[in-house]
1. Provide the per-residue ³J(HN,Hα) series for the range A:395-404, in order, calculated from phi with Karplus coefficients 6.51, -1.76, 1.60 and θ = phi - 60°, each as a whole number of Hz, with x at glycine and proline positions.
2. So how much slack lies between B:R87 and B:S280, counting 0.36 nm per residue of separation and subtracting their Cα-Cα distance, in nm?
3. Relative to the longest principal axis of the C-alpha atoms of chain B, give the angle of the C-alpha long axis of helix B:356-371, reported between 0 and 90° and rounded to the nearest 10°.
4. Run the numbers on the range A:337-479 and let me know its relative contact order in percent, using alpha-carbon pairs under 8 Å that are six or more apart.
5. Take every residue in peptide A:386-393, count the Cβ atoms of other chains within 10 Å of its Cβ, and give the average of those counts.
6. Pairwise over distinct Cα atoms, reciprocal of the mean inverse distance: report the Kirkwood radius of the range B:179-258 in Å, one decimal place.
7. Non-local amide H neighbours of B:Y289 (under 5 Å, H modeled in plane, Pro and chain starts lacking H): which ones?
8. Assuming R0 = 51 Å, what is the FRET efficiency of A:L377 and A:M170, from their Cβ-Cβ distance, to the nearest 0.05?
Amino acid sequence: MIFVCIHRVRSCSSIRFIKSKYVCVFDKSALKFSHQQRLFRTSAVSCGQIVQFKLSDIGEGITEVTVKEWYIKEGDSVSQFDSICEVQSDKASVTITSRYDGIIRKLHYNLDEIAYVGKPLVDIEIDASKGVAPEEDVVETPPMSHEEHTHQEIKGHKTLATPAVRRLAMENNIKLSEVVGTGKDNRILKEDILNYLAKQTGAILPPSPKAEIIPPLPKSETLPAAPKDKARKIPVPVSRPIVFSGKDKTEPVTGFQKAMVKTMSAALKIPHFGYCDEIDLTQLVQLREELKPLAQIRGVKLSFMPFFIKAASLGLLQYPILNASLDESCQNVTYKASHNIGVAMDTEQGLIVPNVKNVQVLSVFEIASELNRLQSLGSAGQLGTNDLTGGTFTLSNIGTIGGTYTKPVILPPEVAIGALGKIQVLPRFNGKGEVFKAQIMNVSWSADHRIIDGATMARFSNLWKSYLENPASMLLDLK
Amino acid sequence: MVLQSSLKNCLQLSCILRTPKAGLRSTTSGSLIIQSISNDVYQNLAVEDWIHDHVNLENRQVLFLWRNSPAVVIGRHQNPWQECNLRLLRQKSIQLARRRSGGGTVYHDLGNINLTFFTTRKKYERMENLKLIVKALKALRPQLDVHVSDRYDILLDRQYKISGTAAKLGRTTAYHHCTLLCNTDKFVLSSVLKSPYKGLKSNATPSVPASVKNLFEEDPSLTCEVLLDAIAEEYATQHHIDHHITLINPADETVLPGINNKTKELQTWEWVYGKTPKFSISTCFNMVYKDSVLDVKVDMDVKHGRIEVCNIDLPEQWLPPALCSELVKSLVGSKFCPNETTTLATTLLGVCPQDDELHNRWNLLCENMVMLM
């Protein structure tokens, strides 16, 4: 059997056709595809026309440009208006977009080559079934049966939408005429389809597959929080299947993540044990309130961390094994003289742990000042190697983001780490048996069980806790 | 002429910009002059993108006026390492942005005015726009010796560049934007636009350095406000519209839906650094350690801002070879960025046997590596 396909294609001065009419020859094995021809591209039969897409006029009498970036490669399929490449001419950067739907068959230039106006830029194989005609609405409506209308022209206007958008609408049984287009010339965009669907089902759909989940940092605005809240309450039964057009994305592990992989893989070798406790910070909170303005006058922001760090150092003086390092062969323990206390910081790129050097000889104010310096360098991504190496003990204040108890991982070559939860106001009993409002914070320690035993960790924690619960006692032991 | 802003103006703007039919019915049909209330370079570049993508320019043209707090703006296909002193930028907290138009690198601060002329692609005509600016300047101060060069620069006294140009052409719309030096800090300008990085080889568009001068130096009464006003006046006259400047807020999603996504995209590392065309570095440096001077040779290929190939040539046994090859392996695939390199290097050290000598040597090598970025 022979099928003859004749297509009328819009003629245009910048297109050169290889053939304007052609005959497709099907053999018997391809017959079963014929009834699906309209909506699907079949790869079994390739009777697409190869069209040479020429570089159109740039303006200002320019005849040559340099190809700077290809957005597609041979074999990719493109839709009309998709960007094909970026060319540059004398300080002007031009985005060349495709005129056709089809598959890219040949790129005529490599990067940084000169391309000529009026000469072919790419060869595109146009899909036989779709052609170059202006877009038509091929969608079915929900109450109507499938036999009726597969083509719709609404009031004589053709609804503008790219094939990808039309496909999405069709898969969701949406009538394009009912969707409000927000693109140029009232073109219907993918976002418009998603918004329309959201209105139908009462749920907010993820805006795009690329959207990341933003952790609830205090400084973030309410806008990202809203979709998450709404997404949690979806009891509305959905009558139509919602199409999520997201794709899995695989990326190599690099940079900060690679560093974390290395550190944590090494940490696995350490047998961790945990010890947790709760600290009553009521007195410390008061003390800090009094001292904050004094520090401010000296130009330093005073948080709770300097107190936690100094108390830890005082504790380490009594229990130096927590400030030690075990060698590779587990034959020798090195007791470090300096208390270089690391502070875990969450930056845009990831986790970094700069340390405050020699806390044993620093005052609380000096520690605060040093922390300020490290924090501003950290958020600007400018911490140097010296600040990031040589740590002997680490504190992680995860409580600023949230949480109570956690299981921190020791950072080799250290042997202990403490993670601080958030400060909560909770009812507690005082010495007289009365209930009072207490400021409670949880601490979770992890230590290397090869050289540290539970009792040591417990005693250190108790000492640290006593300094913080009764800050005046720190005065006795300050050097 | 007093700049007006009101809610009414903003609503009118959104009507005009989004629905061309409504625009024809509105009182201010025809061309439009808008000014950004923000000095954030990313927000302002996002406004350009937004107008380019969403506004129908068939029956009207738009002039967009904007100024930025200190920032270096590189062209679409440029290499920031080649064009500016990134170390200095980081130290001084000067922003780095990559625009979508071509051309060379410029330094912006509040003493510099940016002007963007939006037209359809057919009406794209840079000479006309620049002549408009020159006409406005001459109308203001007839004695000013300003003219447009054939490189689309505006020159003062035949030798000093006071304006540079770049353009972006899309499918149906185009924009031509240019700077105008009114009262910029020339000292900072010349120091940030000088690249200290040696041994770079790339096909990225190079900038053409030029001597610059501020209009303020020629005539102290020429402030940014005066110049903006004069140019708006000339534009209004030539386009037969009222001399009326509509203020827009580049953070306002209701007027410019989708603008915040555009701003975010311009701020991503992938756009600013990742869009750098492939380049290679071949350089050597000296390290002074105790009493000796060591020669180190580094060769790297960087693609999409990430290290593709890395080779570090050190004097033998100065550092454990296993550790060095670990470093090189880690660097491959990582961003060509001081922060990542420092993190990776310090992490590798952490899982190493404790040795002060090793630490000091390692830190020295890493600090020098970071200096290349």
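1. Along the range A:395-404, the couplings run 10, 10, 9, 5, x, 5, 8, x, x, 10 Hz.
2. This chain segment gains 67.6 nm when fully extended.
3. Helix B:356-371 and the main axis of chain B meet at about 30 degrees.
4. Computed value for the range A:337-479: 18 percent relative contact order.
5. Average per residue, whole number: 5.
6. Roughly 16.8 Å, rounded to one decimal.
7. Hits under the 5 Å cutoff: B:L294.
8. Once the sixth-power term is evaluated, E becomes 0.40.
Quick note: the coordinates plus some simple rules give every number you see, no bench work behind them. No experiment lies behind these values; they were computed from the predicted model shown. Note that each Cβ is placed from the backbone with ideal geometry, even for glycine, and that neighbours are counted across all protein chains shown.
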